[in-house]
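None of the figures in this text is laboratory data; all of them are computed from the coordinates on show. Keep in mind that what you see is a predicted model, and the values were worked out from it rather than measured. Here the Cβ positions follow ideal geometry from the backbone for every residue, glycine too, while neighbour counts run over all protein chains shown.
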Amino acid sequence: MIGFKKRIEKFEIISIFITILVFIFFFIMISIIVIKGISSFSTIFLSKEIRFALMMSLLTSTISTSLVMIMTLFVSYYLERINFIKTPFLAFLIELPLSLPFLVIGLALLLMFSTPFGKALRDIGFGVIFNPLGIIVAQTTVNLPYAIKLIRSELTKIDKRLEFTSSLLGANKTYTFFSIILPQIKTSLIITFVLCWQRAIGEFGATLMLVGITEMKTETLPGAIYLNIATGDTDIALSAALLMLFICLITLLITTYYQTKIKVKTRYD
């Protein structure tokens, strides 16, 4: 028993030591961005390129995340509540892109929209390749499996007896969804939206493959960092990095707040 306690104490010491090392590493990494970026902070307001990249990132991320959340509600509900042509392979295939590098997803999108079908879409005004619309497509594709995974896990926590009782009282599936299911996952939906929006802001690999990074056309904040580091303009790159760090800080505070609400609610339920 004494030997077991000693092992526990050693394990705790190792845990503390590794945690401190990780904290120091991330602290130095973030501090470098802040210190270096502050000296270039005025570039955010003076650079037309940064303003364009910021607006492009905010616009495309908001649109793509909204599309993701709408599709996620329907797909997650289908996978968890509807038994029509449902196999484990279906859910597996939908969530498989979670394991793929974003560059591979971008390559797949590039090949898909290079087919006659993709060219037909371009002819009717839905041009994706080397077009800002492709940024939305890339962000949506990257985030959709992630959001589905999160919301599906929340739907499994809901007591199905509530839905059964609702149906016994004469409510249809639509009414049950909006009056019983949706209120119970509302906080999780907000967290998922914020996380997906943050991921969309930082998405780069799939966007690079599908639309490229063209200055003042398909340039997002990650794209601005990439372009300006490549051309040796570190001031603009650092200001874009600092801006992204600030956005990440805001989203982290929001998700932490709502996660705390969930923990408090769970504690008192």
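Below are the figures for this structure:
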quantity: Test: residue 190 is in contact (Cβ under 8 Å) with a residue 12 or more places away in the chain and buried (at least 19 other Cβ atoms within 10 Å of the Cβ); calculated: no
quantity: Residue that is farthest from residue 251 (Cα to Cα), among those in the stretch 155-172 that are in contact (Cβ under 8 Å) with a residue 12 or more places away in the chain and more than 27 Å from the chain's Cα centre (by Cα); calculated: 166
quantity: Sole residue being within 30 Å of residue 122 (Cα to Cα) and free of Cβ contacts under 8 Å to residues at least 60 places away in the same chain, chosen from 202, 212, 232; calculated: 202
